[in-house]
Amino acid sequence: MSKVSRRKFLAGSLAGGAAVVAAPAKKALAAGNFSGFPDGMGVLVDLTRCVGCRSCEAACNKEQNLPKPAVPFDDTSVFDLTFHHGTQKRRPDENAYTVVNRYEPEGMDKPTYRKMQCMHCNEPSCLTSCFVKAYTKTDEGAVVYDEHVCVGCRTCMVACPHNIPAYAYSKVINPVVKKCIFCYDTRVSQGKPPACVDICPAQVMTFGKRKDLLKLAKARIKRNPEKYQTEIYGEETVGGSAWMYISGAPLDEVGCDTSLPKEPIISNVKGFLGVVPMVLSIWPALFTGFHLLATKNKDHHDSHHAEGEE
């Protein structure tokens with residue numbers, strides 16, 4: 001078997017990289033610079049009402065056909081689980097698109113529970129940073145993902161200001177990104193609320209048009225200024241999002257990153273992300289080439305070794 005020449009190897013690698021760039025991509029309803037959808041839907045989460053029952057987690061698990069959790073949904077011991085020396089709470093991952101955490105803000109007479117999931121940003125950096133357009137922002141406000149288009153570059157994970165997209169490392173073949181899709185296919189696209197909202201026994205979450213939810217949130221805050229913080233998390237955070245929170249406790253004490261700017265994150269990283277497609281398109285091809293070269297050299301060596309034994 002003949003050896004693979006360096007020229008053929010590099011030519012094949014670069015051709016493979018070009019093929020990745022030229023691969024057809026699903027057309028997104030929004031890409032690049034855009035200002036979201038003013039009539040999009042959203043969810044208002046009132047943290048003063050949440051009791052930490054985890055019904056939303058169970059509903060999400062069932063609706064999305066996710067694996068059975070390691071800790072049953074009626075087991076509140078998960079609130080005691082912390083990671084990285086006790087500083088980080090649970091986060092959504094490939095097996096749980098939403099999680100509830102317990103916080104104990106200073107000066108509060110009871111804990112605050114906060115549900116976490118994809119925020120479905122008005123101007124999602126995961127979408128804008130994706131060079132194959134695996135993400136789509138729908139008219140209803142959901143940010144959905146097409147695993148058949150994704151090439152596994154994970155740029156969206158770097159770009160997301162809320163640290164939400166999770167990589168399915170458990171899939172050896174064709175691992176993909178996993179995250180909440182707003183129950184788009186089965187519910188929201190049909191005008192129904194997401195499963196987590198529908199099941200909540202304490203009416204923590206309200207589903208509706210985003211602009212109407214903002215009015216509702218401001219009305220609640222105005223009527224009960226002693227009960228709520230004045231800020232609505234998600235109203236303007238990194239361009240705004242479909243999911244918004246109001247809270248009695250300071251937002252930075254219940255897991256909300258209040259250091260994020262009002263403008264979309266993508267505005268600050270466009271220069272860096274501009275070179276990502278080229279780098280990420282070449283790397284897979286190079287690894288393929290390395291594997292091909294190593295395999296052919298091994299076959300060549302084994303062939304000569306066998307001849308020597310004859």
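Between Asn174 and Glu147, the contour length at 0.36 nm per residue exceeds the Cα-Cα span by 8.8 nm.
Only one residue of Cys256, Val149, Gly191 has its Cα farthest out toward the positive end of the dipole of the stretch 41-272, where Lys and Arg carry +1 and Asp and Glu -1 on Cβ, and that residue is Gly191.
Rounded to the nearest 20 debye, the dipole magnitude of the stretch 41-272 is 380 debye, with +1 charges on Lys and Arg beta carbons, -1 on Asp and Glu beta carbons, and the Cα centre as origin.
Distance between the 7 Å Cα→Cβ label points at Asp185 and Lys68: 2.4 nm. For the stretch 214-223, 3J(HN,Hα) computed residue by residue from phi via the Karplus equation (6.51, -1.76, 1.60; θ = phi - 60°) reads 5, 5, 5, 4, 5, 5, 4, 5, 5, 6 Hz, glycine and proline entered as x.
Each value in this text was obtained by applying a stated rule to the coordinates, not by laboratory testing. Quick caveat: nothing in here was measured; it's all calculated off a predicted structure. Cβ atoms come from the backbone with ideal geometry, glycine included; neighbour counts cover every protein chain shown.
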